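First comes the structure, then the notes that go with it.
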Amino acid sequence: MPQTTQLLANYPNPFNPETWIPYQLAKPADVTLTIYATNGQVVRQLTLGHQPAGVYQSRSRTAYWNGRNEWGEQVASGVYFYTLKAGDFTATRKLLIRK
């Protein structure tokens with residue numbers, strides 16, 4: 001079991017058209033991943049539900065983003081930010097979409 005909760009770097013990065021976002025949880029938590037544009041606008045929110053403590057690094061267990069917004073439209077190339085919220089833990093990292 002991990003000793004700390006962490007948000008890890010997405011892969012691949014840069015990506016086109018999809019990416020996987022790994023993380024690890026030191027204790028069980030409700031997990032949400034939110035993708036933001038550089039202006040702070042929410043592009044997509046992924047509600048991952050209640051997750052047990054553990055490592056979420058394999059493709060089948062990570063958060064998956066298909067590069068689309070809430071309406072199913074492909075987002076433009078550029079820099080985006082993703083924030084993981086798990087219980088009282090919050091962390092943000094940067095990703096890049098290239099087309």
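Tabulated values for the structure
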| read-out | value |
| --- | --- |
| Filter result (modelled with pLDDT of 95 or more and either among the polar types (S, T, N, Q) or at positive phi (or both)) within segment 11-46 | Thr19, Gln24, Thr32, Thr34, Thr38, Asn39, Gly40, Gln41, Gln45 |
| Residues being more than 12 Å from the chain's Cα centre (by Cα) and free of Cβ contacts under 8 Å to residues at least 12 places away in the same chain - total across segment 1-14 | 1 |
| Close pairs (6 angstrom Cβ cut-off, 6 or more residues apart or separate chains): in contact (Cβ under 8 Å) with a residue 40 or more places away in the chain in segment 15-42, among the hydroxyl-bearing types (Ser, Thr, Tyr) and surrounded by fewer than 16 Cβ atoms within 10 Å (Cβ to Cβ) anywhere | Trp20/Tyr11; Trp20/Tyr64; Thr32/Thr47 |
| Tabulated pairs, segment 61-82, first closer than 29 Å to Leu25 by Cα, second of a type in the set (Val, Ile, Thr) and outside any strand (DSSP E or B), C-beta under 6 angstrom, 6+ apart or interchain | Gly67/Val75; Asn69/Val75; Val79/Thr38 |
| Flag if Ala91 is exposed (fewer than 15 other Cβ atoms within 10 Å of the Cβ), closer than 17 Å to Thr19 by Cβ, out of contact with any helix residue (DSSP H, G or I) (no Cβ under 9 Å at 6 or more places or on another chain) and free of Cβ contacts under 8 Å to residues at least 40 places away in the same chain | no |
| Selection status of Gly49, in a loop (DSSP other than H, G, I, E, B) and at pLDDT 95 or above | no |
| Residues satisfying the stated conditions in segment 58-88, i.e. modelled with pLDDT of 95 or more and closer than 13 Å to Tyr23 by Cα | Thr62, Ala63, Tyr64, Tyr82, Thr83, Leu84, Lys85, Ala86 |
| Residue that is surrounded by the most Cβ atoms within 10 Å (Cβ to Cβ), among those in segment 74-88 that are under 18 Å from Val55 (Cβ atoms) and over 10 Å from the mean Cα position of the chain (by Cα) | Ala86 |
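The values are calculated or read from the model by the stated rules, or taken from the named source; none is laboratory data. No experiment lies behind these values; they were computed from the predicted model shown. With ideal geometry, Cβ positions are generated from the backbone for all residues, glycine too; neighbour counts draw on all protein chains shown.
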